[in-house]
Every structure is written in structure tokens, then in C-alpha cells.
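This report concerns only the one structure given below.
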There are 2 protein chains.
Amino acid sequence: MFKERYHDYLEMVEQYLNHLPLDRNILARSMNYSLVGGGKRIRPVLALACAELVGGRPEELVSEAAAIELIHTYSLIHDDLPAMDDDDYRRGKLSNHKVFGEAGAILAGDALLTLAFELLAGPSAIEAQNKLRVIRETAQAAGWQGMVGGQSLDTLGNLENSTLADIEQVHHLKTGALLKASARLGAILGGGSEPEIEILTSYALYLGLAFQIKDDILDVVGESAVIGKSAGKDQRSGKPTYPSLLGLEGAREQLEKTIFLAKESLSCFGPKAAFLLSLADYTAERTN
Amino acid sequence: MFKERYHDYLEMVEQYLNHLPLDRNILARSMNYSLVGGGKRIRPVLALACAELVGGRPEELVSEAAAIELIHTYSLIHDDLPAMDDDDYRRGKLSNHKVFGEAGAILAGDALLTLAFELLAGPSAIEAQNKLRVIRETAQAAGWQGMVGGQSLDTLGNLENSTLADIEQVHHLKTGALLKASARLGAILGGGSEPEIEILTSYALYLGLAFQIKDDILDVVGESAVIGKSAGKDQRSGKPTYPSLLGLEGAREQLEKTIFLAKESLSCFGPKAAFLLSLADYTAERTN
């Protein structure tokens, strides 16, 4: 049931991403290389599921949900650059700059970020004020007070002697902010009430935290071939992680607690929330 | 008269840019370094002037006009990177990556682009549908089919043996598209009619072309200290320019012709267009 529904949502997003009317020039090929054929698409899937949960029709906001995936993809391309995290692999294949060069990767990222806002502002049946609100919130979540701010702390900050609170702040900005924006995008464009929007925000924040704890655990126990990027990278970087601060068992307990809180925040939705409840479990159980 | 009005518009933009509520962290300082204290601000000035010409109140769209300057600034930061044009100076001071490093420059650019869309979607008295249209058009102008597309052709393309038509295409994308978007932003948010919007689009395209021809001429005859970036760079790069293709005299004639067409396109506005007429002359006469 969960798997089927995930597949349905995923199909909507993949269909859309695979048919973006991009040219065949080098820039478009670089954009496409990173955008298609990979990734769990958890952000757009979360957006579509939240929209449906509050009574919206997911088919009506596929382009807006896909826009979040474009923002996520641009951030991966730029993060992998030699001047940043300097990573050669991503989603199980060579990272963008290893194929298209640094200039090609910088420009593809810039273009994907810009295209995301073109899609968010695209023609649709949804009320214009709601669309403007979503653009404003998404930009905030992705920008200097959100995702880019987190990447800046991570890359330019001195995190070697950080506490758990410092690390959670970085994760909240780097990962949590955009997941939260995805849930809110779905809830707002789906026509949710303010309390519904707030509940889904809370759920998404716990989900983001769980996602990050699991990522840290996979970095310790996973294999590069399965997780699709270099394993053991966190340890080599010397930055604290959940396992390094809490021990592997402690990190697993923290993960379980976070998943519990994510699921508990949905209680007032009753059985309607089945998909999001399973999504929380999936986040903890995934192997990549 | 022209100078005073330019100063008025400029003041609105500078006041706004100088008081953006950015933190004092490293990312915000990098954003601010490139954003404040420099530049002719021709794009936001053009936007405000177009808004006023069609009967709008420029005070009401300062944040949206300033957003275009953020997009322009981000593009300069990324263009100056070692992997791109590798330029050490910009607007008469060290380029961003020479001060904040490559990661700091990449992230500041990303954050400025994202903040631009937050400002474009910001709360305002302007009709939501018009704001969405402006966001859509601005993203289009700045993205893979516009400015980033032009930078890609310029950086990744093979322009050594290009014709004048090829070069004009690159300029149109790199510079013209965002100038056009600035004029349209002003005209749309100022409440202009569709014919007014089209006329100002045409004016902005000629203005952008004139701007580029003048830049090429200044690269030959200007001094680095005055133009604020490295003179003679075009010649060293081996890429064709207006002077290299048409000769210096030919380029000057082309500039004059283009200014004439820009001004002629405004004829139906009568004396109301005085500022934009002078702006066209200013573009041709400037020394930096």
C-alpha cells in the first residue's frame, strides 16, 4: 500500500522531470544529467502526499512539487564542487563537475535554481496569493537563512569541536528547512487550513531530523555502492556526527525517538495519515 | 534634470539595498560585499523609470526593482570565479572570491539569487497575478534560456570564429534578457497596458545592445581604473567584439544607430519619455 502510493507519487514527478522541455545544448544536458534518473524524490513526494492529506489534488501541483526537486538538485551540484565538499560521486554516478567541468556544474546549478522559481510561478488553477506565499516561503527555506546558510556553516564554519546542538542547527538549515518547505508547499497549495499547515510543518521537521540521523548512521555502517556516495566521508572530515557524539547505539535510539515524534504529530489526522506514517518508518529503515 | 531623476531613483534602490536585514555572519558579509557600494544600478533604475512612465508609483516597487540588482550581482560573482571568467577585479574592487574564497563566492551568489525571488514574491499592494507574471518572466530571463544560457555559450561555447550574429545572440542572452526583464517588471507592476509593455520591451532590447557595444568600445579605449575592471580583457580572450568585427569607427556608428532606434521606439510617449531618452544617450556617453 505504502509502496504503491509512493510509486504513484514518484511516477508523477518522474514523468514531469523527464519531459521538461529543455534544449539539447551543453547547459541543458548538464542540468538533465543531475536531474533525471536518480534520487528518492522524497521532497516532491512529501509535498504531493501533504496536499492529498489536506484534501487537495496532487495532480494539480506536480510542477510546483518538482520545483523543489530542482532546488535540491542544484544544491547537490554546487555542494559537490571542488571548492565545496569536493565529492566525485553522487546518486551512484559521477558528480556533475566530473562530467561537465566546474563551469558547467556552476551554471547548471544556477539554471536549475532559477527554473525552479519559473515553475513555482507557472500558470495554474491555484489561487495566486497562495502561490506567492509558497514562493516566498520556499525562497526563505532555500536561501541565506535556510539551506544556503546551512551549507555556509558546514563549509566555512569551524565545526570540529561542535556540540550536538550546533550540529542539529546545521542539519536543520541544510536539510530540514527544505523538507519543511516541501510539506508546507503541499499543504498550502492543497488548500489546507492553518492548523493543518502547522501540524505538517512539525512532522516534516522531525522527518528531516530523522533523515539526517539515518544518513549519519549509513555513513558508518553502509557501503558506498549501496548509498550511492562515498561512505565513511563524515568520519574522514573530522566533523561530529550523531554516531560520533552519541555512539552508534545512541544514534539509533535518537532516530527511533525522532520517528516516534514525527508519527505522533500526525495523530489528529487519524487513518488518513497512513502514507506519512509509513514514510517516517521508511526513512528509518532505508538502506540508501 | 536627467541627473537629478537618476539620483532619485538610485537613492531609492541604495537605501533599500543598504538596509536589507542581513545578519553579520560570513555568508551575509559576502553577499553584502558585492551588493553594496558600487554599480550604476541601471536595471532597477530602468524598472522604476518604466513604472513611472506608465503611471505607476516607483516607491511601491523598490523591493522588486532591487531584486533584479540582486540577480545581476549574483551573476557577476559567479562569472568572476576562476572556473568561469577568472576575474580578480569588479566594480573597482577585488572580486568576491578574492576576498571570501571560492566557496564563499559560490554560496553568496546562490543566496543572492534565492533572496531575489523572496523579494519578488514579498507582500505588496500590487495585484498577485501581476507579481506572478513578473516572477515567471524574470526567472525566464535569468535562466537557461536567458542570462545563464548566455554565460554558458560565452564560457563553454567556441566563440573564436563567431560572426556578428553569433556575438549578438550571446549579448542578447547575457545582458539583453535581464535588461528587458527589468523594463517589463516596471511596466507590468506599474500597471502598464500590453502595448506599453511591448514598447518598453523594444526600447530595453536596443538599450541592452547599445550597452554591450559601448562596453566593447570601452574595453579598447578605456582605462582599468575608470571602467572598474580589467581593460583589454576581450582582446586577450580572443573572442570577437564589435570593434574587432567592425573596427572602432564601425562600432561607434553601430552604437549611434542603436541609440537612435532605442529613442525612436519611445516616440508615442511624447515628452513623458524624457528620462528614458536621456538614459539612452547616457549609455552611449558613459566612461565606465
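Computed over chain A, the per-residue total of -39500 (n - 2.57) for DSSP H runs of n ≥ 4 gives a 222 nm mean residue ellipticity of -22500 deg cm²/dmol, rounded to 500. Relative to its residue count, chain A spans a Cα convex hull of 118 Å³ per residue.
For residue A:257, a cut-off of 13 angstrom between C-alpha atoms picks up these aspartates and glutamates, skipping any fewer than 8 places away in its own chain: A:249, A:281. Contact order for segment B:2-285, expressed relative to its length and based on alpha carbon pairs under 8 Å spaced 6+ residues apart, stands at 21 percent.
Going through the cross-link list A:131/B:131; B:93/B:180; B:239/B:263; A:93/A:214; A:174/A:272, which pairs have a Cα-Cα distance over 19 Å in this structure? Flagged as over cut-off: B:93/B:180; B:239/B:263; A:93/A:214; A:174/A:272. Volume of the convex hull of segment A:1-129 (Cα atoms only), normalised per residue: 113 Å³. Sorting the segments B:21-28, A:106-113 by their mean number of nearby beta carbons within 10 angstrom, highest to lowest, gives A:106-113, B:21-28. Peptides A:276-282, B:35-41 ranked from most to least packed, by the mean per-residue count of other Cβ atoms within 10 Å: A:276-282, B:35-41.
Among the residues of segment B:119-155, those with an accessible-area drop of 50 Å² or more from chain alone to full protein complex, heavy atoms and 1.4 Å probe, are B:121, B:128, B:132, B:136, B:144, B:148. Could you please state how large a percent of the accessible area of the protein assembly as shown is carbon and sulfur, counting protein chains only and using a 1.4 Å probe? The nonpolar share, carbon plus sulfur, comes to 51 percent. Between segment B:269-288 and segment B:50-114, the alpha-carbon centres lie 24 Å apart.
What the protein assembly as shown shows is 39 Å² of accessible area per residue, with the surface traced by a 1.4 Å probe over protein heavy atoms. The C-alpha radius of gyration of the protein assembly as shown, expressed as a fraction of 2.2 N^0.38 Å, stands at 0.99.
With a 1.4 angstrom probe, the accessible area lost at the A-B interface totals about 3800 Å². Counted by Cβ distance under 12 Å from residue B:190, the other residues give a net charge of -4, where Lys and Arg count +1 and Asp and Glu count -1. At 20 angstrom or more along the helix axis (alpha-carbon based) and mean Kyte-Doolittle of -0.5 or higher, what helices does chain A contain? Whole DSSP H runs only. Within chain A the helices that satisfy the rule are A:62-79, A:96-120, A:194-221, A:242-264.
Build a GNM of chain B with springs between Cα atoms under 10 Å apart, and of B:86, B:219, B:154 the one that fluctuates most is B:86.
The values are calculated or read from the model by the stated rules, or taken from the named source; none is laboratory data. Since this is a predicted model, take the numbers as computed values, not measurements. When we count neighbours, we look across all protein chains shown, and the Cβ atoms used for this are built from the backbone with ideal geometry, even at glycine. Just the protein is used for accessible areas: all its heavy atoms, side chains included, with ligands, DNA and RNA removed. Shrake-Rupley method; radii C 1.70, N 1.55, O 1.52, S 1.80 Å.
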